[in-house]
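The values are calculated or read from the model by the stated rules, or taken from the named source; none is laboratory data. None of these values were measured; they are calculated from a predicted model. Every residue, glycine among them, receives a Cβ derived from its backbone with ideal geometry; neighbour counts consider all protein chains shown. Remember, those area values only see protein heavy atoms, side chains included, never the ligands or the DNA or RNA. Shrake-Rupley method; radii C 1.70, N 1.55, O 1.52, S 1.80 Å.
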Amino acid sequence: MKTQELQQTTAEIRLTAEVERSIRATIGSLPAETGGMLGGNIKDGLITKYYFDKTADMTGATYSPNVDILNQIRRERWKPNHLDMLGFVHSHPPGCIHPSPGDLTYAMNILKALRRDQLVLLIVQSKADCSEYRLLAYVARLEDDSVRVDDARLVVEKTMIVAAQEEWIDACTTAGKSNGAAHPMPADVLVAGRAVGPEDIVAMADRVKDAYVLPLMMMCRLIVVGVGGAREWVLNMARAMAMEFILIDPDDVALPNLCTQHCYRDEIGRPKVEALAEEIRSINPRARIIARHQALDEIDDAEFSRLAFDPMLEVPLPAWGVGVRIPVAPRFVLLCGCTDNFEAQARVNRLGLNLGIPTLCAQVYQEGLCGEITFADLRTTVACHRCILRPRYEAYLNDGYRNMVTSQGTPIWSTARLNSLKGMVAMSMIHHGTDHSRWGSLLRQIGNRNLVQIRMAPDLSPLGIGSFDRVFAAADQSRLLMDEAIWLPQLPEDGSKGRPRCPECGGTGNLRDAIGKFKDTRTMPPYETR
């Protein structure tokens, strides 16, 4: 290959905002070298598709794409949808901002094989390696038996759907007006003969408009597995302006629930999910809710993925054409396990890993003496729920343990206390990376302390829990009694310390490694025998 030089030109590379955000969230947040494939329509050159190549052969200095997988993606997913492969994106170590000789050889081989005139090359300087994320653009072109690389100007474009989403959110958060012009909105909801429109929602949120990032909360989707003890928390999330809810629970409201859960006598005999959905709508009639009166394992992975990601809202936008309705996908999805069923809680972990969405789980210990919160967020934490709760998994899987602890003997205050802190953890996950003064950097401050315990009685000896004694061993005991929360750092189960590697996240410390790993998350993988 002949020597080539970078040419300064006015070449332009266009990609959608969704693609840029996906690159930033994957390659842009991981150490070099990682990469992926870029797709779109070769006729207009707009990059509308991105596939993160998580199965590539990667070292700290090289990235070699998984050609077999990429060709399969092109053949089975992209070609039927009239998508062409337009180029590649991958990250380089700090300071290496140009395509390497290896990149150029690879580009030349692709150009010859596909008989193309040019190939897009995007180079990422990852935030994991550098002080800030950067995305640099180049175009590779064949010239005889060599490759010429031109600098390119990167243009991030909003698609019609992104523009429509932003217009709708702006309408909701500015009482339906911008610069004096009314925005077309979904039809008002009638409650007791009164229309509840965007102006009503804005008025409702008047005292909390600075407490949260309202546009983000309004496009947040909560998937809640087990809505009994979590009901108060779900309702408070609705008061915090969350607008989309997937509720999953097979149980009906029973008389004893009146003293342990946030429910009412006229709901006895009704499915818990339906009673909760009705109360959410009494707070916010414009909330979007799917209530599934069934066990979690009755929902397979494909159906669960649709529940997690499919738009629940279509916004009519006459400005885009008569009768046009734009589907609006959630900006953030949070999966929550709030049951006393071990198998359901365990599947929540696998679902979150497989789909790449954050998970938040909570349980009350025997008689409400202590509460537990665990969470896993692919952007920050290194241990999954199974890593955190390894002794519990081993007790169930190896020792035949079965949970006999229910809400028997638990005061309502213990449930309420757990729900309160769970709400704050949820806010840190939803707002992560925003510039909100309270919540924006909180998850980063929490770091890997993703096992939280709350002491709700002075004496925890019936539970055999010694973590509070260890944490407060050197503290002034005259000033401590109860209601403290401790945030315990967690590490992945990586196969060291004589224990088996976590069979769900793999113990690698990078939870993204488990995305798409499971053939069926309803099957719990066993520990490897040693």
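The residues of region 10-21 that are out of contact with any helix residue (DSSP H, G or I) (no Cβ under 8 Å at 6 or more places or on another chain), open to solvent by 50 Å² or more (accessible area, probe 1.4 Å) and more than 15 Å from Ile42 (Cα to Cα), listed by number, are Thr10, Arg21.
Does Thr434 fit the bill of being over 22 Å from Leu389 (Cα atoms) and either open to solvent by less than 40 Å² (accessible area, probe 1.4 Å) or outside any helix (DSSP H, G or I) (or both)? It is true that Thr434 is over 22 Å from Leu389 (Cα atoms) and either open to solvent by less than 40 Å² (accessible area, probe 1.4 Å) or outside any helix (DSSP H, G or I) (or both). The residue list Thr415, Thr381 contains one member that is farther than 17 Å from Leu451 by Cα, within 28 Å of the chain's Cα centre (by Cα) and either of a type in the set (S, T, N, Q) or buried (at least 21 other Cβ atoms within 10 Å of the Cβ) (or both), which is Thr415.
Checked against the criterion of being closer than 17 Å to Leu378 by Cβ, hydrophobic (A, V, I, L, M, F, W, C) and open to solvent by 80 Å² or more (accessible area, probe 1.4 Å), region 487-508 contains one or more residues that satisfy it. For the structure I just gave you, tell me whether Glu484 is under 23 Å from the mean Cα position of the chain (by Cα), open to solvent by less than 70 Å² (accessible area, probe 1.4 Å) and among the charged types (D, E, K, R). Considered against the rule, which asks whether it is under 23 Å from the mean Cα position of the chain (by Cα), open to solvent by less than 70 Å² (accessible area, probe 1.4 Å) and among the charged types (D, E, K, R), Glu484 comes out as no. Each residue in region 26-45 was checked for being open to solvent by 10 Å² or more (accessible area, probe 1.4 Å) and in contact with an Asp or Glu (Cβ under 7 Å, 6 or more places away or on another chain), and 4 pass.
Just a yes or no: is a residue in region 473-484 more than 19 Å from Phe342 (Cα to Cα), of a type outside the set (D, E, K, R) and not in a loop (DSSP other than H, G, I, E, B)?
Yes, that holds for at least one residue.
Residue count for region 361-401 under the criterion of being touching a Pro at 6+ places or on another chain (Cβ under 8 Å), among the small types (Gly, Ala, Ser) and more than 20 Å from Leu334 (Cα to Cα): the result is 1. Counting only strands (runs of 3 or more DSSP E) wholly contained in region 105-222, the ones carrying 2 or more residues that are buried (at least 18 other Cβ atoms within 10 Å of the Cβ) and at pLDDT 75 or above occupy 118-125, 134-143, 146-157. Summed over region 329-372, the residues that are touching a residue at least 60 places away in the same chain (Cβ under 8 Å), hydrophobic (A, V, I, L, M, F, W, C), buried (at least 20 other Cβ atoms within 10 Å of the Cβ) and in a strand (DSSP E or B) give a count of 8.
One line per residue, one yes/no per condition, for (1) open to solvent by 30 Å² or more (accessible area, probe 1.4 Å); (2) under 26 Å from Ile373 (Cα atoms):
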residue	(1), (2)
Ile248	no, yes
Thr260	no, yes
Cys263	no, yes
Asp266	yes, no
Arg270	yes, no
Glu279	yes, yes
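Pairing each residue of region 286-302 that is within 18 Å of Met312 (Cβ to Cβ) and free of Cβ contacts under 8 Å to residues at least 60 places away in the same chain with any residue that is surrounded by 16 or more Cβ atoms within 10 Å (Cβ to Cβ) and among the aromatic types (Phe, Trp, Tyr), provided the two are 6+ apart or on different chains, yields C-beta distances under 9 Å for Ala287/Phe245; Arg288/Phe245; Ile289/Phe245; Ile290/Phe245; Ala291/Phe245.
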